[in-house]
1. From the residues VAL141, ILE55, PHE117, which one has its Cα farthest along the dipole of the chain in the positive direction, the dipole being from +1 and -1 charges on Cβ of Lys/Arg and Asp/Glu about the Cα centre?
2. Using only Cα positions of the chain, each an equal point scatterer, no hydration layer, compute I(q)/I(0) via Debye at q = 0.08, 0.09, 0.13, 0.19 Å⁻¹ and quote the log10 values to two decimals.
3. Taking the Cα centroid of the range 147-165 and of the range 110-127, what is the distance between the two, rounded to the nearest whole Å?
4. Highest GNM mean-square fluctuation, the chain, Cα pairs closer than 10 Å: which of VAL25, VAL61, VAL142?
5. To the nearest 10 degrees, how steep is helix 3-37 against the longest Cα principal axis of the chain, on a 0 to 90 scale?
6. Taking all pairs of different Cα atoms in the range 1-73, averaging 1/r and flipping that mean, what Kirkwood radius in angstroms comes out?
7. If the only charges are +1 at each Lys and Arg Cβ and -1 at each Asp and Glu Cβ, what is the size of the charge dipole of the chain around the Cα centre, to the nearest 20 debye?
8. Testing the spin-label approximation: label points 7 Å from Cα along Cα→Cβ at PHE180 and LEU107. State their distance in nm.
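What follows draws every value from the coordinates through simple rules; no lab data is involved. What you see is a predicted model, and the numbers here were worked out from it, not measured in a lab. Here the Cβ is made from the backbone with ideal geometry for all residues, glycine too, and neighbour counts use every protein chain on show.
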Amino acid sequence: MNQESTHKTTFLLKNLVKGLLWLGVLVVGYVIIQKYFGFDLKVFLGPLYDHTLVIYFIFLVSELIFGIIPPEFFMFWAASKNLWLLYLQHVTALMFISYLAGIIGYLIGAKFGDSKFYRLLRRKRLGKFEKHFHQFGGFLVVVAALTPIPFSGVCMLVGSVKYDFKKFIWISMSRFMRFFLYAAIVWEANSLS
């Protein structure tokens, strides 16, 4: 294994561990507040709870704004109804919404990569990922798809440098793996509470 491959693997594993630790904190916190404090997501979300399209829209906006609300919160919403098939449908929809948000991020980057707004955004939010993109190329999209690194932000960065769109479409599908794994963990956590 050469030094570049080792560095890529280390970068991926470090961020995967961060993601899994974050997921662990969310799951444990969710189970504790459900079991010991009687937390009811339906009460917390109020009238939004039963409005699936509104929840999906909020998720899309969140994903476009660099994942300000982690996808796992939406998975907990989907699992709270305790119906496996419905949960699977919601998680599948959330997965495709997240993938679509990445594509929209790419297109925004490709279209507005030279604008003042994008330069400001790059300086304030995306600059720290730019060095990783120069180092890893498209592999950064895979890492962002699987870890807490902001997926749509990285997609925007990749679009701004006009990375090959067909390659981008394929490698960004790695986002699906995160949703499959995390959805299984969230479903199990929900059954514990």
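1. Farthest towards the positive end: PHE117.
2. -0.28, -0.36, -0.72, -1.28
3. Using only Cα atoms to place each centre, the spacing works out to 12 Å.
4. With Cα springs under 10 Å in the chain, the top fluctuation among VAL25, VAL61, VAL142 is at VAL25.
5. 20
6. On the way: mean 1/r = 0.0664 Å⁻¹.
It works out to 15.1 Å.
7. On the way: 20 positive and 9 negative charges, 154 e Å.
Computed about the Cα centre, the dipole is about 740 debye.
8. The two pseudo-label positions are separated by 2.7 nm.
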